[in-house]
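**Q** To start, I am sharing the structure in question, which I have written as structure tokens.
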Amino acid sequence: MGLHRVLEPAGVLPQAAVRLDADPVIGPDEVRIAVERLNLDAASYRQLRTAHGGDGEAVRAEVLRIVGERGKMHNPVTGSGGMLVGTVAEVGPESPLGLKPGDRVATLVSLTLTPLAITDGLARWDGMSEQVPAEGHAILFARSIAAVLPDDLPVPLALAVMDVCGAPALTHRVVAGRPVPPRVAVLGAAGKSGSLALAAARRAGAAETVGLVPSQEEERRLVASGLADRVVRADARDPVAVAEALGAPADVTVVCVDVPGCEHGAVLGTAAGGTVVFFSMATSFPAAALGAEGLAADVTMLIGNGFVPGHAEMALDLLRSEPGVRALFEGRL
């Protein structure tokens with residue numbers, strides 16, 4: 001689990017650590033990755049860019065500072081990180097991950113728990129995108145997850161998909177598990193996780209899919225994708241506006257918005273006995289729980305933890321088989 005890499009505080013798991021040891025010398029069950037590219041999660045990148053007024057150089061310096069001080073990419077404001085792509089450089093003899101030197105892989109665990117060192121000063125990154133060309137190394141533990149990159153997709157596209165591959169898998173599980181085909185609403189539906197969640201909900205047999213977006217441009221793009229039966233526009237931070245835009249409440253609401261303050265709209269827009277799945281790292285879970293209590297809302301709230309067995313394969317299959325998903329991803333890249 002990487003406990004031996006925790007420098008402070010003692011006794012916590014790597015994700016909760018303030019600082020990790022990113023020493024390149026691996027243990028018998030570890031794997032060292034030669035880093036090629038980081039993918040900052042959407043909430044973290046938005047926060048960094050907003051905090052620095054869109055100054056890419058300042059964003060780059062901040063990321064370097066965080067990694068240098070913490071031994072991992074763990075945004076102290078959002079508490080989130082992202083994931084990375086690289087080539088397997090060395091595999092310990094006791095590693096159970098099935099990787100071998102030379103494999104090009106995407107890590108499917110958060111950068112907030114992955115020991116990381118950057119050696120090129122991020123010289124090829126202008127700070128203006130979530131994807132970060134980088135040189136350095138990262139360490140995977142015995143309980144880490146990684147997937148070998150597919151040969152048929154460009155690396156930036158595969159990385160973008162794998163960054164959010166937990167969303168469609170859990171959405172599919174929740175929708176398929178309902179006794180009656182549910183009405184599904186996705187907030188932030190034109191984004192990466194949102195578009196995949198829509199496609200997964202439809203594949204799982206949703207009675208109706210509704211995509212909520214904040215702008216006319218995103219509405220146009222989502223309508224063109226054909227992923228939602230209905231597309232509506234509202235600020236996801238405005239609970240009343242969300243409920244009015246959705247109309248009849250959803251049985252399943254999936255939150256994929258990368259800004260804070262969307263908890264109450266999701267709860268208000270969900271029917272009694274329904275389920276809200278939070279996939280945004282900008283979510284305040286106290287706000288969600290206390291907001292539901294204050295509204296006397298009988299809803300089940302799930303934290304999308306990013307891992308469901310088979311999640312990477314499902315996400316890649318949706319990208320390959322759904323032209324609307326691929327179009328939205330390529331538009332973002």
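**Q** Top mean-square fluctuation among Thr300, Thr114, Thr50, Gaussian network model of the chain, C-alpha springs under 10 Å?
**A** Thr50
**Q** Among DSSP beta bridges whose residues both lie in the chain, state the antiparallel percentage, nearest 5.
**A** Just about 55 percent of them are antiparallel.
**Q** From the phi angles alone, apply the Karplus equation (6.51, -1.76, 1.60; θ = phi - 60°) to the range 135-149 and give each ³J(HN,Hα) in whole Hz, x where the residue is Gly or Pro.
**A** Values per residue, Gly and Pro as x: 10, x, 9, 9, 10, 9, 9, 4, 9, 7, 10, 8, 10, 5, 5 Hz.
**Q** A further question follows. For the range 36-53, what does the Karplus curve 6.51 cos²θ - 1.76 cosθ + 1.60, with θ = phi - 60°, yield as ³J(HN,Hα) per residue in whole Hz, taken in order and with x for Gly and Pro?
**A** Karplus values, whole Hz, x for Gly and Pro: 10, 7, 9, 10, 6, 5, 4, 5, 5, 5, 4, 4, 5, 5, 5, 4, 10, x.
**Q** Can you tell me the 0 to 90 degree angle between the C-alpha axis of helix 56-70 and the longest principal axis of the chain, rounded to 10?
**A** Between the helix axis and the principal axis of the chain, the angle is about 60 degrees.
**Q** Follow-up question, since we're still on this one. With the chain treated as a Gaussian network of Cα nodes joined by springs under 10 Å, which of Asn39, Asn305, Asn75 yields the largest mean-square fluctuation?
**A** Most flexible of the set in this elastic network: Asn305.
**Q** Using Cα springs under 10 Å in a Gaussian network model of the chain, which residue among Gly68, Gly247, Gly79 shows the largest mean-square fluctuation?
**A** For the chain, modelled as a Gaussian network with Cα springs under 10 Å, the answer is Gly247.
**Q** While we're on this one: Out of Gly81, Gly27, Met1, whose Cα points farthest toward the positive end of the dipole of the range 1-132 (charges: +1 Lys, Arg; -1 Asp, Glu; placed on Cβ)?
**A** Value: Gly81.
**Q** In debye, nearest 20: dipole of the range 3-152 around its Cα centre with unit charges on the Cβ of K, R (+) and D, E (-)? The partial results should precede the final answer.
**A** Numbers: 14 positive and 20 negative charges, 59 e Å.
Using Cβ point charges on Lys, Arg, Asp and Glu, the range 3-152 gives about 280 debye.
**Q** Under a 5 Å amide H to amide H cut-off, with H placed in plane at 1.01 Å, what residues pair with Val18 once short-range neighbours are removed?
**A** Glu8
**Q** In debye, nearest 20: dipole of the chain around its Cα centre with unit charges on the Cβ of K, R (+) and D, E (-)?
**A** Using only the charged Cβ atoms, the result is roughly 340 debye.
**Q** If you don't mind, there's one more thing I want to ask. Using Cβ counts within 10 Å as a stand-in for footprinting exposure, how do His74, His4, His311 rank, fewest first?
**A** Ordered by Cβ neighbours within 10 Å, fewest first: His4, His311, His74.
**Q** Let me make sure I get this right: for the range 46-196, a, b and c are the square roots of the gyration tensor eigenvalues over alpha carbons, sorted descending. Under 1.5 in a/c it's rounded, otherwise prolate if a/b > b/c, else oblate. Which is it?
**A** oblate
**Q** Let me ask another. Which whole-number percent of Cα pairs in the range 166-332 have a distance greater than 27 Å?
**A** 14
**Q** Evaluate the charge dipole of the range 184-269 about its Cα centre and quote only its size in Debye, nearest 20, assuming +1 on the Cβ of each Lys and Arg and -1 on the Cβ of each Asp and Glu. Mind showing how you got there, number by number?
**A** Details: 8 positive and 11 negative charges, 65 e Å.
It works out to roughly 320 debye.
**Q** Which ³J(HN,Hα) values, rounded to whole Hz and listed in residue order, are derived for the range 165-172 from phi using the Karplus coefficients 6.51, -1.76 and 1.60 in 6.51 cos²θ - 1.76 cosθ + 1.60 with θ = phi - 60°, glycine and proline given as x?
**A** Ordered by residue, 3J(HN,Hα) equals 5, x, 5, x, 5, 6, 4, 4 Hz.
**Q** Then there is this: So how compact is the chain: Cα radius of gyration and Dmax in angstrom?
**A** In Å, with Rg to one decimal and Dmax whole: 19.7, 58.
**Q** Excluding Gly261 itself, calculate the net charge of residues whose Cβ lies under 15 Å from the Cβ of Gly261, where each Lys or Arg counts +1 and each Asp or Glu counts -1. Walk me through the numbers before you get to the answer.
**A** On the way: positive: Arg46, Arg237; negative: Asp235, Asp238, Asp258, Glu263.
Once all neighbours under 15 Å are counted, the net charge is -2.
**Q** Report, by chain and number, residues whose modeled amide H sits under 5 Å from the one on Val109, excluding near sequence neighbours (fewer than 5 apart, same chain).
**A** Ile145
**Q** Shifting gears a bit: Distance from the Cα centre of the range 1-65 to that of the range 174-248, in angstrom?
**A** When both Cα centres are located, 32 Å separates them.
Read the figures in this text as sums done on the coordinates, not as results from a lab. Note that the coordinates shown come from a computational prediction; the quantities given were computed from them, not determined experimentally. Because the Cβ atoms are built from the backbone with ideal geometry, glycine has one as well, and the counts that use them run over all protein chains shown.
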